[in-house]
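Below is one structure, written out as structure tokens; comments come after it.
The values are calculated or read from the model by the stated rules, or taken from the named source; none is laboratory data. Note that this is a predicted model, so its numbers are computed, not measured. Counting neighbours? That spans all protein chains shown, and the Cβs are built from the backbone with ideal geometry, glycine included.
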Amino acid sequence: MNKGKNQTTTIQKDSVRAVDRAIEILQVFTFEDPEHTLAQICAQTNLPKTTVFRILATLEQNNLIVQHPETGKYRLGYEIIKMGAIAQESNSLKRTAAAEMEEISRVTEQTCNLYVRDGFERLCIAQVMGAQYVRRYSYLGARHPLYCGAGKLLLAYAGKEFQSRFFESVKLERITEHTVTDRAQLERELEQIRRDGFSVTRGERDASTAMVSVPLFDYTQHVVASITVSGPVYYFEEQKVASYLEELQRAAGRISRKLGYRCSQPILIE
């Protein structure tokens with residue numbers, strides 16, 4: 001009896017060890033290095049060649065790994081791509097941010113918007129109306145310029161190459177008296193936003209509207225969206241802005257971590 005039980009325990013441990021090793025091998029494949037030889041995988045995992053070869057063969061049989069017929073290098077297979085698509089759909093940006101947006105709107109009593117960069121514009125993909133709602137300044141599916149209001153944060157984190165193309169393609173038109181139309185001034189403001197990690201704008205797209213925006217990061221370590229509190233300018237005095245910003249940063253930290261963002265320093269010390 002004991003002998004049989006011990007054998008079962010050993011088999012279970014071996015099975016778990018095999019799964020751990022398979023996961024370790026799969027994690028070798030990254031955006032930076034999507035393909036690897038058998039020797040490279042062995043070097044990175046410190047696993048014996050025979051073990052790695054056996055696991056790769058099993059993964060290949062299940063379409064989790066594909067071996068290039070000419071180079072012999074391995075890469076992730078279509079089954080992994082399908083799993084990733086399922087995970088992305090079930091854990092989409094909007095779904096991940098939904099509960100936090102509701103809480104932000106409840107606490108601040110202002111409207112909470114979720115924006116993504118779409119070409120040279122920002123696109124509103126989610127919105128929760130606040131208790132202090134006076135009139136709608138944006139709406140679900142609305143597109144607005146990147147160079148004013150909440151769009152400036154997305155433009156600030158878009159990178160120098162994108163910014164160069166943006167300034168070559170987009171005319172900075174004055175929408176209100178507070179809209180920045182000078183490229184040099186706007187570039188200075190974008191640099192300041194990157195240093196601060198947030199943006200505060202007043203009356204740049206709509207003269208009566210103010211916004212506080214913070215970035216959302218995902219597993220690629222890049223900004224994928226901005227989450228924003230917006231409302232009438234008279235609700236955005238300095239003390240209120242500070243409280244809105246604190247609420248946004250805490251929520252953004254939680255959302256970003258759920259999206260797979262990892263960094264050596266916490267997004268916000270809680």
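Scan the range 171-203 for residues that are in a loop (DSSP other than H, G, I, E, B) and at pLDDT 90 or above and the total you get is 14.
Whether a residue is without any contact (Cβ under 8 Å) to a residue 24 or more places away in the chain, surrounded by fewer than 18 Cβ atoms within 10 Å (Cβ to Cβ), out of contact with any Cys (no Cβ under 8 Å at 6 or more places or on another chain) and in the same structural domain as LEU155 (by TED's automatic domain parsing) was assessed, and GLU187 does not pass this test.
Every residue, every condition in (1) β-branched (Val, Ile, Thr); (2) under 33 Å from the mean Cα position of the chain (by Cα); (3) modelled with pLDDT of 95 or more; (4) assigned by TED's automatic domain parsing to the domain that holds THR220, yes or no:
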residue	(1), (2), (3), (4)
ASN6	no, no, no, no
VAL19	yes, yes, no, no
GLN27	no, yes, no, no
HIS36	no, yes, yes, no
GLU60	no, yes, yes, no
LEU64	no, yes, yes, no
TYR78	no, yes, no, no
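Kindly evaluate ARG202 against the criterion of being of a type in the set (D, E, K, R) and touching a helix residue (DSSP H, G or I) at 6+ places or on another chain (Cβ under 6 Å). Judged against the criteria, ARG202 is a match. Could you grab the pairs with beta carbons closer than 9 Å, sequence gap of 6+ or different chains, first residue in the range 142-164 and free of Cβ contacts under 8 Å to residues at least 12 places away in the same chain, second one in a strand (DSSP E or B)? Close Cβ pairs satisfying both conditions: PHE162/ARG117. Going residue by residue through the range 229-246, is there one that turns out to be under 24 Å from the mean Cα position of the chain (by Cα), farther than 21 Å from ALA126 by Cβ and among the hydroxyl-bearing types (Ser, Thr, Tyr)? Among the residues of the range 229-246, at least one is under 24 Å from the mean Cα position of the chain (by Cα), farther than 21 Å from ALA126 by Cβ and among the hydroxyl-bearing types (Ser, Thr, Tyr), which makes the answer yes. One residue alone among ARG262, ARG257 is more than 20 Å from CYS124 (Cα to Cα), part of a loop (DSSP other than H, G, I, E, B) and not polar (S, T, N, Q), and that residue is ARG262. Looking for something over 23 Å from MET101 (Cβ atoms) and either within 24 Å of the chain's Cα centre (by Cα) or not acidic (Asp, Glu) (or both) - is there at least one such residue anywhere in the range 214-227? Checked the range 214-227: no residue is over 23 Å from MET101 (Cβ atoms) and either within 24 Å of the chain's Cα centre (by Cα) or not acidic (Asp, Glu) (or both). Considering only the range 167-179, I want to know if a residue exists there that is touching a residue at least 24 places away in the same chain (Cβ under 8 Å), closer than 12 Å to LEU155 by Cα and touching a Leu at 6+ places or on another chain (Cβ under 9 Å). No, that holds for no residue.
Here's a check for you: in the range 98-122, which residue that is among the aliphatic types (A, V, I, L, M) and assigned to a helix (DSSP H, G or I) is surrounded by the fewest Cβ atoms within 10 Å (Cβ to Cβ)? Looking at the filtered set, the residue picked out is ALA99.
Contact map, the range 44-67: first residue closer than 15 Å to ILE81 by Cα and in a helix (DSSP H, G or I), second residue of a type in the set (Val, Ile, Thr) and at pLDDT 95 or above, Cβ cut-off under 6 Å, separation 6 or more or different chains; pairs are LEU59/ILE65. Scanning the range 204-221 for residues that are modelled with pLDDT of 95 or more and of a type in the set (S, T, N, Q) yields a count of 1.
Considering each residue of the range 126-149, count those that are surrounded by fewer than 18 Cβ atoms within 10 Å (Cβ to Cβ) and at pLDDT 85 or above, and give that number. Qualifying residue count for the region: 2. Would the range 229-240 turn up any residue that is surrounded by 19 or more Cβ atoms within 10 Å (Cβ to Cβ), at pLDDT below 95, of a type in the set (A, V, I, L, M, F, W, C) and part of a loop (DSSP other than H, G, I, E, B)? Taking every residue of the range 229-240 in turn, at least one turns out to be surrounded by 19 or more Cβ atoms within 10 Å (Cβ to Cβ), at pLDDT below 95, of a type in the set (A, V, I, L, M, F, W, C) and part of a loop (DSSP other than H, G, I, E, B).
Quick check on the range 187-201. Is at least one of its residues among the charged types (D, E, K, R), over 23 Å from the mean Cα position of the chain (by Cα) and farther than 28 Å from LEU93 by Cα?
Yes, because at least one residue in the range 187-201 is among the charged types (D, E, K, R), over 23 Å from the mean Cα position of the chain (by Cα) and farther than 28 Å from LEU93 by Cα.
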